[in-house]
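The values are calculated or read from the model by the stated rules, or taken from the named source; none is laboratory data. Just so we're clear, the structure is a prediction, and the values are computed from it rather than from any experiment. Cβ atoms come from the backbone with ideal geometry, glycine included; neighbour counts cover every protein chain shown.
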């Protein structure tokens with residue numbers, strides 16, 4: 001991953017298994033969010049390839065990319081709700097574009113998705129009328145609109161109080177169990193990493209490459225690299 | 001506490017025989033209270049670096065970060081000259097702050113490169129940048145053409161409600177200012193023309209002047225300039241703000257092209273509205289001319305209208321409206337392009353809005369020039 005001549009991260013090779021809750025972690029500024037952008041196709045890798053299953057995502061034709069992205073749901077750090085549309089319209093947009101549901105069916109499904117994240121009754125509110133935490137939940141409802149089997153969360157716990165963060169973790173686990181979704185999370189909230197993570201990759205800002213890969217609990221106890229163990233123990237030896 | 005307020009900051013240096021430099025600090029060392037200079041200490045180091053530096057702060061009053069800056073400088077000086085820095089004479093809080101300030105060594109490559117490039121280097125760099133910017137602009141136009149092709153096949157993804165709102169915002173909402181500006185333009189043209197033509201006794205031809213000028217070129221151009229400021233800026237700012245909040249990314253990862261969803265309705269709206277606004281502006285301009293005719297030249301409305309009708313042909317009207325619609329497309333494309341190219345901070349969105357207006361203006365002026373040339377060649 002590079003910006004012009006500046007290489008942000010190199011030699012990243014890892015697999016996200018189906019049904020994993022895969023954590024991308026590392027210190028501040030190491031390129032976690034940038035990696036996420038690459039996985040979503042928002043940035044092109046300077047070198048290398050990203051595969052969804054056996055299909056190359058990086059070199060896919062636009063039509064194939066569209067097809068692959070239809071299976072993906074993304075929750076952005078601040079929700080990234082479309083500010084000129086109500087919450088219901090936000091959730092309804094993918095439904096309207098990519099399904100054959102009638103408008104009234106779409107309205108029902110959108111209301112259902114919002115209810116699932118605890119926002120029943122807020123369908124006609126605009127994003128600017130609700131709190132940050134509620135915006136995140138609405139963003140999640142939208143990410144789940146098409147029942148994706150691959151979900152990406154960019155710092156989901158950021159700005160949430162401890163209880164809300166715990167509820168979000170429980171929701172993520174529920175999504176994995178009931179929808180069979182594979183989830184990729186960018187985060188550095190240790191509580192969440194250990195509560196939900198089954199696999200992970202650790203990006204290092206100094207050496208600009210990945211220095212650990214595997215189950216977070218394993219890495220905390222047995223990682224080769226001192227820095228990884230320190231990170232996962234919040235600086236304790 | 002003594003009744004009198006402590007005197008202003010004072011720093012005195014004393015040399016002791018054992019190679020110690022004693023720095024005596026007294027008074028109130030705070031950021032607001034006058035010069036906090038380490039010049040005396042620096043002089044000592046320059047002339048004869050001491051073996052150690054000690055401090056006497058018994059008469060030091062209130063202090064804040066002003067004194068900390070001084071301490072850091074002296075500490076750096078001692079390090080540079082290999083002198084021992086004895087911080088024991090400093091107040092406890094100050095000593096701890098000093099240690100904190102020096103705890104993390106400066107990161108080697110963190111300081112931004114500020115090399116003052118030579119003039120020739122700067123020309124070269126700027127040329128390369130311009131070349132890649134030009135490529136970006138062409139890329140945008142290419143993607144837009146693809147999106148337009150999809151639209152014509154009926155497969156483009158945007159919301160009709162967005163298009164309707166844009167039509168209202170860029171058509172109906174623009175009527176007041178278009179009315180004002182085109183009316184005044186017609187009035188000014190007539191006034192200037194009348195002043196000249198009256199001396200030939202040919203004042204009636206003011207109607208021709210205003211009519212032909214407005215309908216052929218000025219109506220479309222001035223309306224285009226108004227809309228460049230209105231729509232060019234708003235499109236750039238709207239799309240730029242969406243980039244900042246990641247709303248455009250959210251569209252992309254939902255497999256909805258921002259080009260189709262955001263740019264297409266804006267271009268369609270403006271290309272529909274500009275011809276109508278141009279016609280309206282033409283009419284308002286002629287009304288302004290008629291006003292001058294009536295008040296200054298004693299021309300009745302009917303006389304003015306008949307004279308204008310004689311001078312302005314259907315070809316002229318169609319030509320002017322065509323130019324107007326081309327300007328509309330150019331303004332929308334320029335505004336959206338700059339919005340998509342916006343950076344991620346609030347000041348970047350402001351820059352994008354400015355750039356949207358400027359690019360729109362340049363585009364329509366260049367188009368106007370080209371039209372004049374081509375129309376002349378074609379005898380239109």
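Screening residue B:342 against (1) assigned to a helix (DSSP H, G or I); (2) modelled with pLDDT of 90 or more leaves a single unmet condition, (1). Against the definition (within 14 Å of chain B (Cβ to nearest Cβ), surrounded by 18 or more Cβ atoms within 10 Å (Cβ to Cβ) and touching a strand residue (DSSP E or B) at 6+ places or on another chain (Cβ under 6 Å)), how does residue A:81 come out, yes or no? No: the conditions fail for residue A:81.
Which residues, taken from the range B:351-364, are without any contact (Cβ under 8 Å) to a residue 40 or more places away in the chain and out of contact with any helix residue (DSSP H, G or I) (no Cβ under 7 Å at 6 or more places or on another chain)?
Narrowing the range B:351-364 to residues without any contact (Cβ under 8 Å) to a residue 40 or more places away in the chain: B:351, B:358, B:362-363.
Correct list: B:351, B:358, B:362.
Report yes if some residue within the range B:78-101 is touching a helix residue (DSSP H, G or I) at 6+ places or on another chain (Cβ under 7 Å) and under 17 Å from residue B:37 (Cα atoms); otherwise report no. Taking every residue of the range B:78-101 in turn, none turns out to be touching a helix residue (DSSP H, G or I) at 6+ places or on another chain (Cβ under 7 Å) and under 17 Å from residue B:37 (Cα atoms). In the range A:146-159, the residue that is farthest from the other protein chains (Cβ to nearest Cβ) out of those that are closer than 22 Å to residue A:179 by Cβ and assigned to a loop (DSSP other than H, G, I, E, B) is A:157.
Any idea which residue in the range A:59-76 is farthest from residue A:144 (Cα to Cα), counting only those that are touching a helix residue (DSSP H, G or I) at 6+ places or on another chain (Cβ under 8 Å) and at pLDDT below 90? Steps first, please.
Quick first cut of the range A:59-76, residues touching a helix residue (DSSP H, G or I) at 6+ places or on another chain (Cβ under 8 Å) only: A:60, A:69-70, A:72-76.
Filter again for at pLDDT below 90, leaving A:60, A:69-70.
Values: A:60: 24, A:69: 13, A:70: 11 Å.
Residue satisfying both the conditions and the ranking: A:60.
Among the residues in the range A:212-234, are any buried (at least 19 other Cβ atoms within 10 Å of the Cβ), closer than 29 Å to residue A:1 by Cα, under 15 Å from the mean Cα position of the chain (by Cα) and in contact (Cβ under 8 Å) with a residue 60 or more places away in the chain?
As a first pass, look at the range A:212-234 and keep what is buried (at least 19 other Cβ atoms within 10 Å of the Cβ): A:212, A:216, A:219, A:223, A:228, A:231-232.
This time we only want the ones that are closer than 29 Å to residue A:1 by Cα, so: A:212, A:216, A:219, A:223, A:228, A:231-232.
Next, only the ones that are under 15 Å from the mean Cα position of the chain (by Cα) stay: none.
No, that holds for no residue.
Are any of the residues in the range B:220-233 surrounded by fewer than 22 Cβ atoms within 10 Å (Cβ to Cβ) and over 30 Å from residue B:186 (Cα atoms)? Checking the range B:220-233: not a single residue is surrounded by fewer than 22 Cβ atoms within 10 Å (Cβ to Cβ) and over 30 Å from residue B:186 (Cα atoms).
Please state which one of A:117, A:109 is more than 14 Å from chain B (Cβ to nearest Cβ) and over 13 Å from residue A:140 (Cα atoms). I'd like the intermediate steps shown before the answer.
On the way: A:117 fails: over 13 Å from residue A:140 (Cα atoms).
Testing whether each residue is more than 14 Å from chain B (Cβ to nearest Cβ) and over 13 Å from residue A:140 (Cα atoms) leaves just A:109.
Kindly indicate whether residue A:7 is farther than 30 Å from residue A:123 by Cβ and at pLDDT 90 or above.
Taking the combined requirement at face value, the residue does not satisfy it.
Only a single item in (1) more than 14 Å from every other protein chain (Cβ to nearest Cβ); (2) touching a residue at least 24 places away in the same chain (Cβ under 8 Å); (3) in contact with a helix residue (DSSP H, G or I) (Cβ under 7 Å, 6 or more places away or on another chain) is not met by residue A:182, and it is number (3).
Would you confirm whether any residue within the range A:180-195 is assigned to a helix (DSSP H, G or I), in contact with a strand residue (DSSP E or B) (Cβ under 7 Å, 6 or more places away or on another chain) and buried (at least 22 other Cβ atoms within 10 Å of the Cβ)? Reasoning before the result, please.
Pass one, the range A:180-195, residues assigned to a helix (DSSP H, G or I): A:190-195.
Add one more test, that the residue is in contact with a strand residue (DSSP E or B) (Cβ under 7 Å, 6 or more places away or on another chain), and what stays is A:193.
Then drop every residue that is not buried (at least 22 other Cβ atoms within 10 Å of the Cβ), which leaves A:193.
Yes, some residue in the range A:180-195 is assigned to a helix (DSSP H, G or I), in contact with a strand residue (DSSP E or B) (Cβ under 7 Å, 6 or more places away or on another chain) and buried (at least 22 other Cβ atoms within 10 Å of the Cβ).
From the list B:209, B:166, B:146, B:184, the one residue that fits, being more than 28 Å from the chain's Cα centre (by Cα) and surrounded by 17 or more Cβ atoms within 10 Å (Cβ to Cβ), is B:209. Is it the case that the range B:30-49 has a residue that's modelled with pLDDT under 75 and assigned to a strand (DSSP E or B)? There is no residue in the range B:30-49 that is modelled with pLDDT under 75 and assigned to a strand (DSSP E or B).
Looking at the structure I just gave you, is residue A:163 exposed (fewer than 15 other Cβ atoms within 10 Å of the Cβ) and either more than 12 Å from residue A:73 (Cβ to Cβ) or more than 14 Å from every other protein chain (Cβ to nearest Cβ) (or both)? It is true that residue A:163 is exposed (fewer than 15 other Cβ atoms within 10 Å of the Cβ) and either more than 12 Å from residue A:73 (Cβ to Cβ) or more than 14 Å from every other protein chain (Cβ to nearest Cβ) (or both). Every condition in (1) closer than 30 Å to residue B:267 by Cβ; (2) modelled with pLDDT under 85 is met by residue B:122 except one, and the failing one is (1).
Note on the range A:19-128: enclosed helices (runs of 4 or more DSSP H) holding 3 or more residues that are in the same structural domain as residue A:177 (by TED's automatic domain parsing) and free of Cβ contacts under 8 Å to residues at least 12 places away in the same chain are A:62-69.
Condition check ((1) under 30 Å from residue B:212 (Cα atoms); (2) within 12 Å of another protein chain (Cβ to nearest Cβ)) across all residues:
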{"position": "B:236", "(1), (2)": "no, no"}
{"position": "B:244", "(1), (2)": "no, yes"}
{"position": "B:255", "(1), (2)": "no, yes"}
{"position": "B:262", "(1), (2)": "no, yes"}
{"position": "B:269", "(1), (2)": "yes, no"}
{"position": "B:272", "(1), (2)": "yes, no"}
{"position": "B:276", "(1), (2)": "yes, no"}
{"position": "B:279", "(1), (2)": "yes, no"}
{"position": "B:282", "(1), (2)": "yes, no"}
